[in-house]
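Engineer: Before I ask anything, here is the structure I am working with.
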Amino acid sequence: MPQLLISLHSPSSPLSPGALGFLDKDRFQYLQIDKGSDLVNDKQLRGLSATNNKVFVTTPSSLRVYEFGGSDTGPLLSLVDEIILPEWVPDMRKAGGDLLPVHVSHVKKRIYVGCNKLASIDEFSLDGKFLCRRHLWEIAPEIFPIPDKLHRKFRYGHIRYIGEIPDGGITVTVAFVSGTEIGVIFMLDDGRKLIEGPGRPHGGIIDNNHLFMVDVNKGILKKYTLRPDSLTVEEQPVWEAIPFIAEPEYQQSVQNIRGMTVVNGQVYCGVCHFGKPARKQIPPRLVVFDSDTGAQLRNISLPAIESYPHPRVFDITALQTELDINDKNNLSIFIDGVEKSGAVVDKQQEFDPSKEKQDSTTVSTSISITQNSSNLEEDRNTYSDHKVPVKGASNYQPPVAIKLVDVSLIYRRRAHFFFSRRKHLREHREYAALSEISFNIKEGETVGIVGKNGSGKSTLAMVICGILPPDSGSLTVNGSIQLLSLGVGFNNEMTGRENVYINGALLGMTHKAIEHHLPNIEEFTELGEFMEEPVRTYSSGMKSRLGFAIATAVKPEILILDEVLATGDAAFKRKAIQRMEELRAQVKTVILISHNSNQVKKLCTRVIWLDKGKLILDGKPTDVMKEYDKYCLN
């Protein structure tokens, strides 16, 4: 088993100092919490890279240099230097230089630091002397072209990882390229693109002619084949894997992957959820995958002490020189260079699928300072009995995003013949808007819902979103959900720009998020000076442009689109379809309600046909739409 060094941070700690953890034989042996220099306000530890005797770690505004300590009683790592460039110092608007990755290259004899504030790769000598700075638009002008018009919120991208190929070439991983949801990995020397695609990539480790990367927010680990002769990457991954959880309590928990290393045929990933610690959210942990098959091998709990609860992984690196810790049974804890003996450990969940075999009601066990050793071969066999969700593997089953079982919704209506002598015309009558609807929608599906007007399509969408409660049956939704119905929330007397803020707030966006997306919304709508005019002066097509641009700026896990492509000119529909195709790659599940047969066939992987509140047909788009078109003709 390898020895790993891990950078950690605790969202529950008031000052959020950075921490370094030492992992030996899959057990945490050491935890060191450092505040660092007083010149740096944000002390979160981020990227790290290790040499034989030094460890380089970034904070948002500095590069720390540690040396391995030689004293048996002192800390494992001694802070010997903290490099702070003037350009990295925080100003009134931004929290520092937003440094993230760092990589030490022995072939190039350089230290590379990614600075997101300047969209640059800063280079240092091995002794910490600053050498040069290269901006993204200079390194790869084809990937990062200089826009015709720069606005305050524009960013060339977010530099997530810096790696190296066997011959010494440096790779750079960037998310949010030019403000989009596209990520890319390219070569630093010549700007050559290795791979590009939607998502929020992290990593980009090359090992044995394969490239490993993760989609941070979707929690997906991917393995690609690298052609060493041409340094290009196959478009389709060899496999995709998501972390597996046995405990029923955490089956629906959000799992984000951040931090990764590949060593000895195994991929170590940090898994957590980025929100606030909550009872139903799975505690942070390390998850180990087999690099050949993508099968999950085991989980490793993170140490949590009373003064540093809920630690999360930020980055992982394998040590090149094996270290020897004297007491391998106890967790050594140092805070600001002082050893803290007898520190209280919070109860933190340890995940073992074998517990599920013995008793399905058993959820977890607590860990203490002394961590019992386990038979790794036994753990490996235990996981092999479960269906590990690995895309491309024979046992992969996508999780269910939406599940309806006999869902019915009854409207009560009353005839308008108040003065009629016929009593039945004055009585309340019931109308079944939905009648015993049952189906499952899995993650990754784009499902179209068709039917004539009054068939229950929009009612079904509002039931799934929770706007209308069903009268009977059960509904399960796993993930954040958003319904897009054009024009909802528009104030006709306010301007288009003012309505952006209103609609954005209705969709759950913060004021800061709306300001961030506003330039892209304005560009997509092409309304120009009409953004400052009242919405009552807009045509239906202009309202469609504005509503569609606002709603698609948010990226939920489940997106329902109700007749969003029904209005607008041909140019807008082309742009909307292109945006829809981008959303399909970014959103886990999409439901499209439409009367347009061609759009449904082109965009959907499955179609559900409703009529008079009943499910008529559910199947492939070509089969369902063939029958539906016949029905419409008759």
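Engineer: Relative contact order of segment 105-250, please, whole-number percent, based on alpha carbon pairs below 8 angstrom and at least 6 residues apart.
Structural biologist: Numbers: 308 pairs, mean separation 19.1, N = 146.
Worked out over segment 105-250, it gives 13 percent.
Engineer: Strictly over 21 Å apart at the Cα level, which of LYS108/LYS129; LYS452/LYS630; LYS149/LYS543 would you flag in this model?
Structural biologist: On the way: LYS108/LYS129 14 Å; LYS452/LYS630 13 Å; LYS149/LYS543 25 Å.
Over 21 Å Cα-Cα: LYS149/LYS543.
Engineer: If packing is taken as the mean number of other Cβ atoms within 10 Å per residue, what is the order of 186-198, 442-454, highest first? Spell out each step's value before the answer.
Structural biologist: Details: 186-198: 17.2, 442-454: 19.4.
Highest to lowest by the protection proxy: 442-454, 186-198.
Engineer: Let me ask you something else. If you add up the charges near GLY265, with Lys and Arg at +1 and Asp and Glu at -1, over every other residue whose beta carbon is less than 11 angstrom from its beta carbon, what do you get? Spell out each step's value before the answer.
Structural biologist: Numbers: positive: none; negative: ASP207, ASP290, ASP292.
The answer is -3.
Engineer: Next question, about the same structure. So, in Å, what gap is there between the alpha-carbon centers of segment 177-252 and segment 595-614?
Structural biologist: 33
Engineer: Sticking with this structure for a sec: Give me the log10 of I(q) over I(0) for segment 223-264 at q = 0.27, 0.28 Å⁻¹, as the Debye formula computes it from C-alpha points; what are the numbers?
Structural biologist: At q = 0.27, 0.28 Å⁻¹ the computed log10 ratios are -1.04, -1.06.
Engineer: Between beta-carbons, use under 10 Å as the cut-off and find the net charge around LEU8, counting Lys and Arg +1, Asp and Glu -1.
Structural biologist: Working: positive: ARG312; negative: ASP315.
Once all neighbours under 10 Å are counted, the net charge is 0.
Since every read-out is calculated from the coordinates, none of them should be taken as a lab result. The structure displayed is predicted, hence computed values, not measured ones. As a convention, Cβ positions derive from the backbone with ideal geometry for all residues, glycine included, and neighbour counts pool all protein chains shown.
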